[in-house]
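Have a look at the structure below, then the notes.
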Number of protein chains: 2
Amino acid sequence: MTQFDLNCPLPLDQNNHITMAHGGGGKIMNQLIQNLFQSQLSNPHLDTLHDGAVFEIGSVKMAFSTDSFVINPIFFPGGDIGSLAVHGTVNDVAMCGAMPKYLSLAIILEEGFPVSDLEKIVHSIKSASEKAGVEVVTGDTKVVDKGKGDGIYINTAGIGEVMSGVNIRPKNVKPGDAVVVSGDIGRHAIAIMAVREGLEFSTTIKSDSMAVNHQVNSIINNGVSPHCFRDCTRGGLASALVEISQSAQIHIEIEEEKIPVLKEVNGACEILGFDPIYLANEGRFISFVKEEDAKKVLEIIPDSVLIGKVISDMQAKVTMIQPYGPAKIVDMLSGEQLPRIC
Amino acid sequence: MTQFDLNCPLPLDQNNHITMAHGGGGKIMNQLIQNLFQSQLSNPHLDTLHDGAVFEIGSVKMAFSTDSFVINPIFFPGGDIGSLAVHGTVNDVAMCGAMPKYLSLAIILEEGFPVSDLEKIVHSIKSASEKAGVEVVTGDTKVVDKGKGDGIYINTAGIGEVMSGVNIRPKNVKPGDAVVVSGDIGRHAIAIMAVREGLEFSTTIKSDSMAVNHQVNSIINNGVSPHCFRDCTRGGLASALVEISQSAQIHIEIEEEKIPVLKEVNGACEILGFDPIYLANEGRFISFVKEEDAKKVLEIIPDSVLIGKVISDMQAKVTMIQPYGPAKIVDMLSGEQLPRIC
């Protein structure tokens, strides 16, 4: 879960009902979280405004996170809801500077769901868990009536031990920090859209869905002291940067030309009217590190790119230098660009 | 999650699709778990066949469990889906002999769900968490399209530290052990059925939904070394006993006359054609303890009742002595008595 520190009333439809935008990863979702969950359930762990909670049990510092997956379609180029459910939670735990170790797995099935599809998904969970080095240790199965679900929804929660000496918090991000993105952005959302809308491109765009915990581990084990990590899921790179700028009260400046986007993804964005910086990813994250550590990160993750830096703590904002024209303010979207992307 | 050690093929409808019975807490659900999840994702933690996983991180022995809640109706006498989601996971962690400490909270909302209902539910989560002594430390919110959910589904996962010196496993249950149930059974299911079917009784039957971790804590802190705990949720007292008999390969004998059931619940069962031992509870558990410890448990939990004992390890079965006629075999139901009870 991520939160956003806005003190606005809940935006609702005229009858005070939940809208798709409340799950979109943008301002409206963040306001719901802030104004309802955060205000009612407030405690120091929930209030850190990060992807997972970090706390000590006995002498062990642990990270704990959860995500539900309601993606449509459930099978897509580069993955399925099963692998996604492993990657999403593994990555949230990794974003806390922890090595994810154990997962829970809770599945809500709609009556009539094909068992052959369930078998494929469980196989995919097994394979993704093995690659990430985590074990599914506990689970739950529920079935809901036909018409009260959409085939399958999956929840995973994950726990891991925070690596020694690591202290990751949005508030640790400081002026001068380098901003490094771990690879090209936008592929997950475009892969989903292509299936959903029946679009065909000259080459199939595969989701970037992957576990990034081994990359995080390498960064930390190679002597980098990261100030913060943040994965670019719902709301994309832009929302992740805005969240961090708000939490740390800092001004982040990125350069549009440096943001890695596949040519095919850019092409699809032009056709569909999307901006790649708002597209959801499931295997990409941002590292905020001291300027002198940026080079190490770039060496450790070959596809990573230095896209900007933190330029001051005078104002909480994100700006983007454009190749032509003035720098522009990067804001969160209000609602969602694409519903049910994860 | 609980598992059942049967090596049967998956029971399916004619077209190999999921049926409501796959979520019913009976044989069919257990076969799905055993034949698909257990066989694909097997590891020593998942294979212990208990309500939660127990493992060590560093020097700390921890318990971890998850449950999704898809109950219909979401508000019922004695609770709602929010308090239920706290109790269910708190209890699963407690069944491992652990003090639950932290919860994750993941909510799937259907487009159009009233925000006023969400507010009530979050308030109920807050109140139930405070009573149980746990904190919600991380969460997730998703929204699905109208017609792809049923208002609200909630998943919680919970972790806690296993209490010092405690070693709880179904396999620790031994001949001679006393079987103690913590209170009267069947109220949760009847409370739900009454709302669902519009039944009226002379007094309103309230769900037994409650957190039992303080009771578990008292048992352990008063010098009892429990061999196993098991909560009587989906599938009721009967399924919990059969699961333990199968896991421990023991013969449990209970006495029908000793099983505590409210007069109103018995009356409702007669009208509806239910057997109370199969009704779901959300605040009742069985303790398996040495015969000499039973008295202490009965003192610590005033409403608890000694209902039977483990009589041999010659055969895995549960039998029930009836006031009139011969003892009868207690088996799991095949499918479900009541769908979406939790």
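Being within 8 Å of chain A (Cβ to nearest Cβ) and at pLDDT 90 or above is the requirement here; does B:Ser68 meet it?
Numbers: within 8 Å of chain A (Cβ to nearest Cβ): yes; at pLDDT 90 or above: yes.
Here the answer is yes, as B:Ser68 does meet what is asked.
Tell me whether the stretch B:217-236 contains one or more residues that are farther than 27 Å from B:Ser164 by Cβ, among the aromatic types (Phe, Trp, Tyr) and at pLDDT 95 or above.
No, the stretch B:217-236 has no match at all.
If you scan the stretch A:305-325, which residues turn out to be farther than 21 Å from A:Ala248 by Cβ and under 21 Å from the mean Cα position of the chain (by Cα)?
Within the stretch A:305-325, the subset farther than 21 Å from A:Ala248 by Cβ is A:305, A:322-325.
Across the stretch A:305-325, the qualifying residue is only A:Val305.
For (1) more than 9 Å from every other protein chain (Cβ to nearest Cβ); (2) at pLDDT 90 or above, each residue gets a yes or a no:
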{"position": "B:Asn15", "(1), (2)": "no, no"}
{"position": "B:Gln40", "(1), (2)": "no, yes"}
{"position": "B:Asp47", "(1), (2)": "yes, no"}
{"position": "B:Gly52", "(1), (2)": "no, yes"}
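Quick one: count up the residues across the stretch A:33-52 that are closer than 28 Å to A:Pro100 by Cα and part of a helix (DSSP H, G or I).
Applying the first criterion (closer than 28 Å to A:Pro100 by Cα) to the stretch A:33-52 yields A:33-34, A:37-38, A:41-52.
Subsequent filtering for residues that are part of a helix (DSSP H, G or I) retains A:33-34, A:37-38, A:41, A:46-48.
Matching residues across the stretch A:33-52 total 8.
Take B:Ala132 and decide whether it is aliphatic (A, V, I, L, M) and surrounded by fewer than 23 Cβ atoms within 10 Å (Cβ to Cβ).
Details: aliphatic (A, V, I, L, M): yes; surrounded by fewer than 23 Cβ atoms within 10 Å (Cβ to Cβ): no.
The answer is no for B:Ala132.
Please count how many residues of the stretch A:104-136 are of a type outside the set (S, T, N, Q), touching a residue at least 12 places away in the same chain (Cβ under 8 Å) and more than 14 Å from A:His87 (Cβ to Cβ). Quick ask: steps written out before the conclusion?
Filtering the stretch A:104-136 for residues of a type outside the set (S, T, N, Q) gives A:105-115, A:117-123, A:125-126, A:128, A:130-136.
Among the residues that remain, those that are also touching a residue at least 12 places away in the same chain (Cβ under 8 Å) are: A:105-113, A:117-118, A:120-123, A:125, A:128, A:131-136.
With the extra rule that they be more than 14 Å from A:His87 (Cβ to Cβ), the set shrinks to A:106-113, A:117-118, A:120, A:122-123, A:135.
Number of matching residues: 14.
Which condition does B:Arg196 not pass, out of (1) in contact with a Pro (Cβ under 7 Å, 6 or more places away or on another chain); (2) in a loop (DSSP other than H, G, I, E, B), if it passes all the others?
(2)
Scan the stretch A:70-117 for residues that are hydroxyl-bearing (Ser, Thr, Tyr) and under 16 Å from A:Cys342 (Cβ atoms) and jot them down. Outline the logic, then answer.
Step one: list which residues in the stretch A:70-117 are hydroxyl-bearing (Ser, Thr, Tyr), which gives A:83, A:89, A:102, A:104, A:116.
Result: A:Ser83, A:Thr89.
Restricting to the stretch A:41-84, what's the tally of residues that are surrounded by fewer than 16 Cβ atoms within 10 Å (Cβ to Cβ) and more than 30 Å from A:Ser116 (Cα to Cα)?
Within the stretch A:41-84, residues that are surrounded by fewer than 16 Cβ atoms within 10 Å (Cβ to Cβ) and more than 30 Å from A:Ser116 (Cα to Cα) number 7.
Out of B:Ile271, B:Ile300, I need the residue that is out of contact with any helix residue (DSSP H, G or I) (no Cβ under 8 Å at 6 or more places or on another chain) and farther than 26 Å from B:Asp313 by Cα. Which one?
Numbers: B:Ile300 fails: out of contact with any helix residue (DSSP H, G or I) (no Cβ under 8 Å at 6 or more places or on another chain).
Unique residue meeting the criteria: B:Ile271.
Name the residue that is nearest to B:Val318 (Cα to Cα), counting only residues in the stretch B:201-226 that are open to solvent by 40 Å² or more (accessible area, probe 1.4 Å) and touching a Lys or Arg at 6+ places or on another chain (Cβ under 8 Å). Reasoning before the result, please.
Quick first cut of the stretch B:201-226, residues open to solvent by 40 Å² or more (accessible area, probe 1.4 Å) only: B:201-204, B:206, B:210, B:214-215, B:218, B:221-223, B:225.
Still in the list and also touching a Lys or Arg at 6+ places or on another chain (Cβ under 8 Å): B:206, B:222-223, B:225.
Details: B:Lys206: 29, B:Asn222: 29, B:Gly223: 28, B:Ser225: 23 Å.
Result: B:Ser225.
Would you mention how many residues in the stretch B:163-219 are β-branched (Val, Ile, Thr) and at positive phi? Quick ask: steps written out before the conclusion?
We begin by selecting, within the stretch B:163-219, every residue β-branched (Val, Ile, Thr); these are B:166, B:168, B:173, B:179-181, B:185, B:190, B:192, B:195, B:203-205, B:212, B:216, B:219.
After this cut, where a residue has to be at positive phi as well, the list is none.
Total satisfying the criteria: 0.
Which pairs do you get when a residue that is of a type in the set (Ser, Thr, Tyr), found in the stretch B:315-342, comes within reach of a residue that is part of a loop (DSSP other than H, G, I, E, B), reach meaning Cβ atoms under 6 angstrom, with the pair 6+ apart or on two chains?
Matching pairs, first to second residue: B:Thr319/B:Ala327; B:Ser334/B:Gly26.
Given B:Leu338, B:Leu298, B:Leu306, which one is among the aliphatic types (A, V, I, L, M) and assigned to a loop (DSSP other than H, G, I, E, B)? Don't jump to the end; show me each part of the working.
Working: B:Leu298 fails: assigned to a loop (DSSP other than H, G, I, E, B); B:Leu306 fails: assigned to a loop (DSSP other than H, G, I, E, B).
So the residue among B:Leu338, B:Leu298, B:Leu306 that is among the aliphatic types (A, V, I, L, M) and assigned to a loop (DSSP other than H, G, I, E, B) is B:Leu338.
Does B:Lys328 meet the test of being under 19 Å from B:Gln215 (Cβ atoms) and surrounded by fewer than 17 Cβ atoms within 10 Å (Cβ to Cβ)? I'd like the intermediate steps shown before the answer.
Working: under 19 Å from B:Gln215 (Cβ atoms): no; surrounded by fewer than 17 Cβ atoms within 10 Å (Cβ to Cβ): yes.
It is false that B:Lys328 is under 19 Å from B:Gln215 (Cβ atoms) and surrounded by fewer than 17 Cβ atoms within 10 Å (Cβ to Cβ).
The values are calculated or read from the model by the stated rules, or taken from the named source; none is laboratory data. Remember, it's a predicted structure, so these values are computed and weren't measured experimentally. No Cβ is skipped: glycine too gets one built from the backbone with ideal geometry, and neighbour counts run over all protein chains shown. Side chains are part of the model used for accessible areas, which takes the heavy atoms of the whole protein and leaves out ligands, DNA and RNA. Shrake-Rupley method; radii C 1.70, N 1.55, O 1.52, S 1.80 Å.
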